[in-house]
Amino acid sequence: MKISANYGEFRLVPEGTLVLKIVEVNFIPKGKPKSVEVNFEDPTGAKLRNNYTIEDPRGMFALTLLNKFATQNEPEEFDPSDMVGQAVLCEVVHNTGNKPKDDGTFPVFANIKKVLDHSDGGDAVNEVIEDAIALDEEDGFELLDDEDDDELPF
């Protein structure tokens, strides 16, 4: 039996300030996890995955901050699975890999540089960005277009 190798159309999450929805959280390995894999999706369906090593204080700190923004809660203990379905405003950057692919080109990865806030979409997105610009204009935050004021598609 042959199986079709239909990979679908891959879309890289664009660079910039945008809303990402948390669509899945996995514990790796399952029994006694050493890291938490969080899968995000942008409004167009492009996907991004971040891994947080919970044995490393920096990884645990980043995961704790993500949970704080996603759930708008700051408990002493939390279940990362509670973040599924929540949306966060993030600054996404592109980084070029250092190992060439078979065709000689280098892969480009989308990474979350900063999680800025929880997001409900709509006008709240622009308000958060405007507040961030007022706090620190040198970080290069960009306002979203007026068409982004509509409710998010997810």
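A few notes on this one:
- Check on Ala110, surrounded by 11 or more Cβ atoms within 10 Å (Cβ to Cβ), modelled with pLDDT of 90 or more and touching a Pro at 6+ places or on another chain (Cβ under 9 Å): yes
- Meets criteria (surrounded by 13 or more Cβ atoms within 10 Å (Cβ to Cβ), out of contact with any His (no Cβ under 8 Å at 6 or more places or on another chain) and more than 16 Å from Leu116 (Cβ to Cβ)) for Val19: no
- Just one of the listed residues (Arg49, Arg11) is closer than 16 Å to Asn111 by Cα and either at pLDDT 90 or above or hydrophobic (A, V, I, L, M, F, W, C) (or both), and it is Arg49.
- Only one of the numbered conditions (1) of a type in the set (Lys, Arg); (2) farther than 16 Å from Leu116 by Cβ; (3) touching a residue at least 60 places away in the same chain (Cβ under 8 Å) is not met by Arg11, and that is (3).
- Listed conditions (1) touching a strand residue (DSSP E or B) at 6+ places or on another chain (Cβ under 6 Å); (2) surrounded by 14 or more Cβ atoms within 10 Å (Cβ to Cβ); (3) within 17 Å of His118 (Cβ to Cβ); (4) touching a residue at least 40 places away in the same chain (Cβ under 8 Å) are all met by Leu48, apart from (3).
- Verdict on Val84 being under 16 Å from His118 (Cβ atoms), modelled with pLDDT of 90 or more and surrounded by 17 or more Cβ atoms within 10 Å (Cβ to Cβ): no
- Only one of the listed residues (Leu48, Leu89, Leu116, Leu65) is within 20 Å of Val13 (Cβ to Cβ) and not in a strand (DSSP E or B). That residue is Leu65.
The values are calculated or read from the model by the stated rules, or taken from the named source; none is laboratory data. Note that this is a predicted model, so its numbers are computed, not measured. Reconstructed Cβ throughout: ideal geometry from the backbone, glycine too, with neighbour counts over all protein chains shown.
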